[in-house]
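Peer 1: Here's a structure for you.
The values are calculated or read from the model by the stated rules, or taken from the named source; none is laboratory data. Values in this document were obtained by computation on a predicted structure and should not be read as measured data. Cβ placement follows ideal geometry from the backbone for every residue including glycine, while neighbour counts extend to all protein chains displayed. SASA here: full protein model, heavy atoms, side chains in, ligands and nucleic acids out. Shrake-Rupley method; radii C 1.70, N 1.55, O 1.52, S 1.80 Å.
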Amino acid sequence: MPVFRPKIIGYYCQYCAYLSDDNFGKVKIPSNVKKCKLLCSGKLDILNILETFESGIDGIFVVGCKEDECRNINGNSRASRRVNYIKKILEQIGISSERIAVYNIEPESLFSNVFLEASAEMGKKIRGLGPIYK
Amino acid sequence: MRKSLLGSVKQNNDNETLTPPCQGACPILTPVQRYISAIAEERVDDALAINLEVNPFPSICGRICCHPCEDRCRRIKVDEALSIASLKRFAADNGRVRTEKQKTVKSKKHKIAVIGAGPAGLAAANDLALLGYPVTVFEKMPEAGGMLRVGVPKYRLPKDVIQKEVKRIKSLGVEIKTNVEVGKDIKINDLKKEGYKAILIGVGLALSRSLPIEGVELKGVHLALPFLKAVNFDEKVKPGKKLIVIGGGNVAVDVARSARRLGAKDIKMICLESKDEMPAHCWEVEETLEEKVEIVNSLGPKRIIGKDGKVSGIEFMAVKSVFDDFGRFNPTFYKNKITKFECDTVIIAIGQMADLSFLNDPEIKLNERGQLIVNKNNFSTTKNGVFACGEVASGPGIAVEAIAAGKKTAISIDKYLRGEDISCLKFERPDSISELPEKTTELVKKYSRQKMPKIPIKERLKTFSELEIGFDKKIAVREALRCMSCGAGAEVNSDKCIACLTCVRVCPYEVPEIKDGFAYMDAEECQACGICASECPASAIEIRHYKESSPFCDKELLVKGRV
Amino acid sequence: MIIASQKSVREIADNLTKHKRISVAGCGTCVAVCFAGGERESEILASALRMFFKLKSRKVEIRQQTVKRQCEWEFIEELKENIDWADIVVSTACGIGVQAVQKKYLPKRVLPGLNTSFMGMPTSPGVWKERCLGCGDCVLDETGGICPIARCAKNLLNGPCGGSQNGKCEISKDIDCAWQEIYDRLKVLGLLDSMNEIALPKNWSTSRDGGPRRIVREDVNT
């Protein structure tokens with residue numbers, strides 16, 4: 001039986017979360033995690049996320065700045081609230097709300113491993129849940 | 001139709017940014033935001049490629065450009081300007097060149113001669129080669145680079161940096177003949193006979209001006225450029241123990257700081273101007289003072305005193321005023337207020353002028369002040385097929401202005417050789433967005449400018465190795481993220497807007513307002529966070545993205561060439 | 001403005017048992033402004049429905065289209081192509097729009113995607129409150145511009161009642177007592193004396209009393 005490799009998208013706020021992996025790369029983000037930059041986590045779009053799940057992505061995580069640390073004042077808290085709304089819709093249609101999660105980190109964490117850690121944690125969680133569509 | 005599922009920023013090609021002030025201030029209209037956002041995403045190769053599209057000298061400009069872009073950066077009102085030039089240097093030092101993009105085909109027959117391998121001449125040669133012309137550059141010095149090689153000290157601009165850029169230009173097929181002096185080794189009129197269909201004069205201002213005062217002929221009195229040239233070409237130079245540099249500009253600074261590195265102990269830079277009037281850049285003055293060069297302001301040289309044919313001292317008069325009522329340079333003095341200094345060396349760094357002795361062609365006319373007559377729009381001289389650009393054509397200026405002139409001249413020469421009328425040629429500059437409004441300034445968060453690491457002051461004076469170490473990746477990315485993306489903000493599609501006021505309520509910068517019944521976002525205020533776009537219940541808001549091309553560097557024109 | 005909220009995706013989906021082509025019709029006026037049925041919200045609904053059917057391995061096609069207002073024949077005409085294509089329509093307009101679309105496109109079935117609730121306004125971002133009941137006989141002149149019919153739980157004309165506690169209504173501590181508000185307002189307006197006047201019984205014949213209402217403007221009517 002083939003091993004299930006979840007398809008995951010990690011949205012990240014450009015001001016805090018990006019883990020370097022191209023020109024200087026030592027650490028590689030797993031190939032099943034696709035990076036997606038946001039101008040601010042407040043740019044997270046409910047419709048876009050739902051359509052992403054619809055397209056067969058198994059899990060999504062969003063990395064934004066910590067409370068009160070958003071460059072755009074409250075973009076991060078908006079993102080969290082939107083994710084809660086998405087969770088509600090997912091539950092209504094019978095999809096586990098665990099498939100989406102928010103990680104908040106210090107804006108100073110620009111080169112931290114948070115994105116990588118989130119990738120691993122979500123990967124594990126989603127593997128447990130199985131593919132979004134059987 | 002389903003939309004792209006993964007795009008986080010909706011892209012609409014009709015929907016471009018307004019010109020940000022940094023780009024608008026750059027003589028070659030470098031798309032600053034594009035390369036800065038590439039650095040922010042660590043796409044360093046892209047950042048370099050974006051630079052190379054418009055500028056053959058990113059490594060050089062990243063080091064020595066006096067960055068008019070930073071003067072116009074809208075972050076100045078919030079905290080400090082972005083370190084744009086240093087980010088360019090970071091991209092140039094760390095990015096890899098995509099060679100496939102730089103390949104050219106020699107599709108044109110007409111040979112072009114460029115006299116002078118300085119920034120203007122090489123920039124023109126670069127673009128003409130990209131357009132498919134065979135180009136030969138004649139340079140009287142043993143190495144290419146012009147004033148960058150001769151006049152700029154190595155601690156600011158190392159030799160290998162120039163060589164790297166020149167090599168790239170050569171790889172396009174540009175032939176650079178060094179040690180060939182036009183006028184001596186080959187006559188300008190012979191170039192035509194040898195089949196060059198267009199000639200570009202880019203010889204810069206190669207002569208130092210002297211002073212019409214007593215004692216300049218004494219031993220120990222030097223001119224700035226021969227001194228700098230000797231230093232830069234590693235000739236044995238002894239600047240003496242007690243040195244006086246006359247002048248307050250950037251060349252005087254270069255002389256003083258070079259002399260300091262050569263072991264001169266007591267250096268005074270003496271100039272007409274007061275501290276605030278000095279033409280040298282403030283950061284250069286600051287570094288000069290750090291290096292314990294004494295700057296004496298508001299003194300004008302009266303006479304140099306000699307003993308046994310050698311300099312022993314110099315007398316100055318106090319300055320009454322430097323500029324007249326019309327703002328023109330016209331110094332006046334208190335003739336009796338004399339200050340005397342002892343010294344064993346004097347270096348005169350009061351300005352440069354063109355050496356036009358090689359022009360023995362009556363058709364190439366000079367004006368009454370002995371300067372070359374050049375059309376400001378198409379860069380042609382009074383002789384058909386002979387062009388001139390850079391400092392020789394427009395007087396003293398900064399390197400990037402010379403590069404801009406070179407690029408424009410390349411386009412002009414191309415048009416000329418294809419038989420087009422260039423008499424009406426004009427290079428338009430776009431209007432850039434204006435200052436950050438007061439209200440927005442208060443709302444934008446502050447992030448302080450990253451400092452350029454330098455070699456410590458103690459080691460600095462023993463060496464000509466580069467003073468500025470350059471940004472590392474972390475510094476560069478942090479600095480790049482300070483960019484406010486001016487002009488790249490939200491735009492309302494009024495066909496879809498339902499005037500629900502959601503954007504008005506969610507915007508952290510209080511930008512949107514209702515105008516003529518629809519939401520309206522002022523591009524001057526918008527910070528491009530994108531919050532409104534994802535909240536708009538009518539999906540009526542989109543974010544403008546960065547402009548792709550610059551009018552002086554029509555990508556199609558320069559990369560593909562025109563057949 | 002008419003305020004509505006979206007039904008749960010589950011409730012809507014449960015009515016779409018055997019349909020293969022579904023048209024989701026959004027409305028771009030009141031319900032768009034209150035985040036219930038405009039372009040974005042109806043697209044979100046369409047996306048959620050697609051996912052719901054995908055999970056059930058049902059092959060269902062869904063199209064989404066939003067028009068300016070579903071309460072005008074001319075605007076709903078634009079929906080024709082997508083509605084003709086569909087087996088069933090979900091309208092995310094208010095009840096008025098649903099009725100109009102249903103009438104125009106008979107015999108196609110049109111289902112409501114929203115629960116239409118009241119006439120009101122946003123009091124802070126994301127919060128909408130009822131302000132008018134449409135009684136047909138406005139009394140705002142007497143009550144300092146605060147409507148006791150819409151905002152008092154008992155529609156009292158001579159309030160407050162004994163259930164007014166610390167400015168709140170007895171039915172919920174989240175509801176302000178309209179008559180406390182009227183009292184405070186009249187004080188600001190310098191009209192507190194009018195509290196002493198007894199309001200006479202209201203003419204309810206202009207309200208729902210006479211069945212569905214209509215207004216005719218003779219000069220415009222053709």
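Peer 1: Does any residue of the range A:99-108 turn out to be within 14 Å of chain B (Cβ to nearest Cβ), under 24 Å from B:Arg478 (Cβ atoms) and within 11 Å of the chain's Cα centre (by Cα)? So that I can check it myself, show each step before the final result.
Peer 2: From the range A:99-108, those within 14 Å of chain B (Cβ to nearest Cβ) are A:106-108; that's our starting set.
Next, from what is left, pick out any that are under 24 Å from B:Arg478 (Cβ atoms): A:106-108.
Subsequent filtering for residues that are within 11 Å of the chain's Cα centre (by Cα) retains none.
No: the range A:99-108 contains no residue that is within 14 Å of chain B (Cβ to nearest Cβ), under 24 Å from B:Arg478 (Cβ atoms) and within 11 Å of the chain's Cα centre (by Cα).
Peer 1: Surrounded by fewer than 17 Cβ atoms within 10 Å (Cβ to Cβ) and within 14 Å of chain A (Cβ to nearest Cβ): does that describe B:Asp472? Quick ask: steps written out before the conclusion?
Peer 2: Values: surrounded by fewer than 17 Cβ atoms within 10 Å (Cβ to Cβ): yes; within 14 Å of chain A (Cβ to nearest Cβ): yes.
It is true that B:Asp472 is surrounded by fewer than 17 Cβ atoms within 10 Å (Cβ to Cβ) and within 14 Å of chain A (Cβ to nearest Cβ).
Peer 1: Moving on to the next point. Given the options B:Glu510, B:Glu435, B:Glu420, B:Glu428, name the one that is in a loop (DSSP other than H, G, I, E, B), surrounded by fewer than 18 Cβ atoms within 10 Å (Cβ to Cβ), away from chain A (no Cβ under 13 Å) and modelled with pLDDT of 90 or more.
Peer 2: Values: B:Glu510 fails: away from chain A (no Cβ under 13 Å); B:Glu435 fails: modelled with pLDDT of 90 or more; B:Glu428 fails: modelled with pLDDT of 90 or more.
The match here is B:Glu420.
Peer 1: Moving on to the next point. Which of the residues belonging to the range A:12-35 are at pLDDT 85 or above and within 11 Å of chain B (Cβ to nearest Cβ)?
Peer 2: Of everything in the range A:12-35, those that are at pLDDT 85 or above and within 11 Å of chain B (Cβ to nearest Cβ) turn out to be A:Tyr12, A:Cys13, A:Lys34.
Peer 1: OK, next. With the requirement that a residue be within 21 Å of B:Glu217 (Cβ to Cβ) and not in a loop (DSSP other than H, G, I, E, B), what does the range B:308-336 give you? Before the answer, list the steps.
Peer 2: The first filter runs over the range B:308-336 and keeps only residues within 21 Å of B:Glu217 (Cβ to Cβ), leaving B:308-317.
The answer is B:Lys310, B:Val311, B:Ser312, B:Gly313, B:Ile314, B:Glu315, B:Phe316, B:Met317.
Peer 1: Could you list, ordered by first residue, the pairs with Cβ atoms under 6 Å in which the first is in the range B:458-480 and more than 17 Å from B:Lys292 (Cβ to Cβ) and the second is open to solvent by 60 Å² or more (accessible area, probe 1.4 Å), at least 6 apart or interchain?
Peer 2: As it stands, the answer is B:Glu468/B:Lys454; B:Gly470/B:Asp93; B:Lys473/A:Phe24, since those pairs meet every condition given.
Peer 1: List the helices (runs of 4 or more DSSP H) that sit entirely inside the range B:62-127 and contain at least 3 residues that are modelled with pLDDT under 95 and within 14 Å of chain A (Cβ to nearest Cβ). Show your work before the answer.
Peer 2: Details: elements: B:68-72, B:84-94, B:99-102.
Fully inside the range B:62-127 and qualifying: nothing.
Peer 1: Restricting to strands (runs of 3 or more DSSP E) lying wholly in the range A:31-134: which have 2 or more residues that are open to solvent by 20 Å² or more (accessible area, probe 1.4 Å)? Step through it out loud before you land on a result.
Peer 2: On the way: elements: A:33-38, A:59-65, A:100-105.
Passing ranges, in order: A:33-38, A:100-105.
Peer 1: Could I ask something else about it? I'd like to verify a number: residues in the range B:292-304 that are surrounded by fewer than 18 Cβ atoms within 10 Å (Cβ to Cβ) and either part of a strand (DSSP E or B) or modelled with pLDDT under 95 (or both), how many? Give the derivation first.
Peer 2: So in the range B:292-304, the residues surrounded by fewer than 18 Cβ atoms within 10 Å (Cβ to Cβ) come out as B:292, B:294, B:296-297, B:303.
Adding the requirement that they be either part of a strand (DSSP E or B) or modelled with pLDDT under 95 (or both) leaves B:292, B:294, B:296, B:303.
The qualifying residues number 4.
Peer 1: Of the numbered conditions (1) within 14 Å of chain A (Cβ to nearest Cβ); (2) open to solvent by less than 50 Å² (accessible area, probe 1.4 Å); (3) closer than 30 Å to B:Ala92 by Cβ; (4) not in a loop (DSSP other than H, G, I, E, B), B:Cys503 fails exactly one; give the number of that condition.
Peer 2: (3)
Peer 1: Of all the residues that make up the range C:141-173, how many are within 16 Å of C:Pro201 (Cβ to Cβ) and either aliphatic (A, V, I, L, M) or within 23 Å of the chain's Cα centre (by Cα) (or both)? Talk me through it step by step, then tell me what you get.
Peer 2: Quick first cut of the range C:141-173, residues within 16 Å of C:Pro201 (Cβ to Cβ) only: C:142-143, C:148-149, C:152, C:154-159.
Keeping just the survivors that are either aliphatic (A, V, I, L, M) or within 23 Å of the chain's Cα centre (by Cα) (or both) gives C:148-149, C:152, C:154-157.
Matching residues across the range C:141-173 total 7.
Peer 1: Any chance the range B:373-386 includes a residue that's touching a Leu at 6+ places or on another chain (Cβ under 6 Å), open to solvent by 40 Å² or more (accessible area, probe 1.4 Å) and not in a strand (DSSP E or B)?
Peer 2: Checked the range B:373-386: at least one residue is touching a Leu at 6+ places or on another chain (Cβ under 6 Å), open to solvent by 40 Å² or more (accessible area, probe 1.4 Å) and not in a strand (DSSP E or B).
Peer 1: Cβ-Cβ below 8 Å, separation at least six or inter-chain, first residue in the range B:262-275 and touching a residue at least 40 places away in the same chain (Cβ under 8 Å), second hydroxyl-bearing (Ser, Thr, Tyr) and in a strand (DSSP E or B): which pairs?
Peer 2: Pairs that qualify, where the first residue is touching a residue at least 40 places away in the same chain (Cβ under 8 Å) and the partner is hydroxyl-bearing (Ser, Thr, Tyr) and in a strand (DSSP E or B), are B:Ala264/B:Thr345.
Peer 1: Applying the selection to the range A:59-91, what residues are β-branched (Val, Ile, Thr) and at pLDDT 90 or above? Talk me through it step by step, then tell me what you get.
Peer 2: Going through the range A:59-91, the residues β-branched (Val, Ile, Thr) turn out to be A:60, A:62-63, A:73, A:83, A:86, A:89.
The answer is A:Ile60, A:Val62, A:Val63, A:Val83, A:Ile86, A:Ile89.
Peer 1: Of all residues in the range C:31-51, how many are more than 8 Å from chain B (Cβ to nearest Cβ), open to solvent by less than 10 Å² (accessible area, probe 1.4 Å) and not in a loop (DSSP other than H, G, I, E, B)?
Peer 2: Initially, the range C:31-51 is screened for residues more than 8 Å from chain B (Cβ to nearest Cβ), giving C:31, C:34, C:36-37, C:42, C:44-51.
Filter once more, so that each one left must be open to solvent by less than 10 Å² (accessible area, probe 1.4 Å): C:31, C:34, C:36-37, C:42, C:44-49, C:51.
After this cut, where a residue has to be not in a loop (DSSP other than H, G, I, E, B) as well, the list is C:31, C:42, C:44-49, C:51.
Residues meeting the conditions: 9.
Peer 1: So, one more: Which members of the range C:4-28 meet the condition of being within 13 Å of chain B (Cβ to nearest Cβ) and surrounded by 24 or more Cβ atoms within 10 Å (Cβ to Cβ)?
Peer 2: C:Ala4, C:Gly26, C:Cys27, C:Gly28
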